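The values are calculated or read from the model by the stated rules, or taken from the named source; none is laboratory data. Keep in mind the model is a prediction, meaning the values are calculated, not measured. Don't worry about glycine lacking a Cβ; one is built from the backbone with ideal geometry, like all the others, and counts go over all protein chains shown.
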Amino acid sequence: MELGSVVGDVAAPSSIERNSLLLRPDTLAFFIDDSGDQVLGDPGNPLFALGGVSVMGSDYAAVAGAWSQATATISRPKGRLHFSERQRGLGRSNKLQIHKLLASRPIGRFAAIATRDSVLAGTTIEDVVLGSLKKRLEELLSWSSCRSIALVFEESARLKAAVHRHFDGMKVQADDAEVPHVCCWMPKSAGVPLLELADWLLHTVAAQVRHKSQNSHTDDFCAAFHSVNPKLASYVQIGTAFPNSLREGHGSGPLESGFARALPVAAGHTDRAAGHSWA
């Protein structure tokens, strides 16, 4: 089932009700998108990236409102905003407001990207970038005060099986206690503001990779990754990846899951004992 909206700062525990994801203030929510293609076959964009943003439920409404204001003048055909298609509609005023938002709000931002220069030894691009996402989750859990977690993936047919393989049955632990978490899919047509921000972030990362000088950074990339406390920013460009290197840290850290174990993809699955649900 695809969800249609996100509501932040609710009193009840984070849950899925009436086709909406409800976030309580102490929930750490991740909004995740992907870009490019796994075979790196697009000559104009030969890369594959996974990334997004994270916020506490208590900050969701303010961040979502600031994003909506910053992008209000950009047209959204059929309610959708995709920056690879709408870049021409992004004016200087929009960019400055987005940069200000990223510099002034406690927004986590993360991206893992594979290019034709990446060496994948015995693994796949999907496993590499999803493994990187799980490591990022571990890093944030090591110092975050959150009491629960929500993972919101933009609907992606090409990644769905790999995402379920990595996250079905996942256990999240902090201070020797299990942390309740919920995972869900959202279609782009839902117009969720922080999924739009995740899309902007990946567009920015792709532009940086295409940037002619690797010794300098675009202004958008600086706003995304250089304007904030380093704890909140993570950018990984894959060099060489081995299956064992992706498993490091899992099992003994806050996340425990079957890394490469094939699990059934079941929409709407709920495991209340483990505090985990898919929608």
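Assorted remarks:
- Some residue of the range 162-179 being touching a Lys or Arg at 6+ places or on another chain (Cβ under 7 Å), surrounded by fewer than 19 Cβ atoms within 10 Å (Cβ to Cβ) and of a type in the set (D, E, K, R): yes
- Residues (surrounded by fewer than 22 Cβ atoms within 10 Å (Cβ to Cβ) and among the hydrophobic types (A, V, I, L, M, F, W, C)) located in the range 45-62: ALA61, ALA62
- Boolean, ALA121 is loosely packed, with under 15 Cβ neighbours inside 10 Å and either under 21 Å from LEU151 (Cα atoms) or modelled with pLDDT under 80 (or both): yes
- Taking every residue in the range 24-44 that is more than 21 Å from SER156 (Cα to Cα) and surrounded by 15 or more Cβ atoms within 10 Å (Cβ to Cβ) and pairing it with any residue that is of a type in the set (D, E, K, R) and modelled with pLDDT under 85, at least 6 positions away or on another chain, the pairs with Cβ-Cβ distances below 6 Å are PRO25/ASP9.
- When GLY57 is tested against (1) of a type outside the set (D, E, K, R); (2) over 26 Å from GLU126 (Cβ atoms); (3) modelled with pLDDT of 95 or more, exactly one condition is not met: (3).
- Enumeration of residues in the range 27-41 that are in a loop (DSSP other than H, G, I, E, B), over 22 Å from LYS188 (Cα atoms) and in contact with a strand residue (DSSP E or B) (Cβ under 7 Å, 6 or more places away or on another chain): LEU40
- Residue match in the range 195-214 (condition: in a helix (DSSP H, G or I), of a type in the set (Phe, Trp, Tyr) and either out of contact with any helix residue (DSSP H, G or I) (no Cβ under 8 Å at 6 or more places or on another chain) or closer than 19 Å to ASP117 by Cα (or both)): no
- Scanning the range 93-112 for residues that are surrounded by fewer than 22 Cβ atoms within 10 Å (Cβ to Cβ) and of a type outside the set (A, V, I, L, M, F, W, C) turns up SER93, ASN94, LYS95, GLN97, HIS99, LYS100, SER104, ARG105, PRO106.
- Test for ILE113: is it outside any loop (DSSP other than H, G, I, E, B), at pLDDT 90 or above and under 20 Å from PHE221 (Cβ atoms): no
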